[in-house]
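Notes for the one structure printed next.
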Amino acid sequence: MKQILGLITLAALVGCDSGDDTAPVTSTSQAVHRLDKAFAGAPENFRRAATDASNALNAGELGKAVESLGALRTSEGVTVDQGLAVHNTMVMLEATLLERAEAGDAEARKAYAMLRQLKQK
């Protein structure tokens, strides 16, 4: 039993490493960093879409961020690491959109509706 608890503790500590690119994204700056890192060596069209998503996130342009992430999400040829960066960013963005929409932000409501449509594809 102690061995199992030890392994669980070790796994939790390893999973909480801030350098772990598979851990949940909790901030815009972290999302931008992960996208930039994941798509640094990607083909130009992927890099451009990732840069567009990063710029939109930094500027608070929620709808544009959803569009750019959606384009990456549905692209063929995206690597596993790139897909994880997109997925984790979308999860963070969804939480942000829900929070803002509940606070009455009309742009967030519209972007959240776009995100929901994307998720249904």
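Each of 109, 73 was scored by other Cβ atoms within 10 Å of its Cβ. Listed from fewest to most, they are 109, 73. Our summary gives region 26-120 a relative contact order of 28 percent, counting only alpha carbon pairs under 8 angstrom and 6 or more residues apart. Scalar couplings 3J(HN,Hα) for region 57-69, obtained by applying the Karplus form with A = 6.51, B = -1.76, C = 1.60 to θ = phi - 60°, are 4, 5, 8, x, 8, 5, x, 5, 4, 4, 4, 5, 5 Hz; x denotes Gly and Pro.
A short reminder: the numbers here are calculations on the coordinates, not readings from a lab. Owing to the predicted nature of the structure, the values given are computational and were not obtained by experimental measurement. Neighbour counts run over all protein chains shown; Cβ positions are idealised from the backbone, glycine included.
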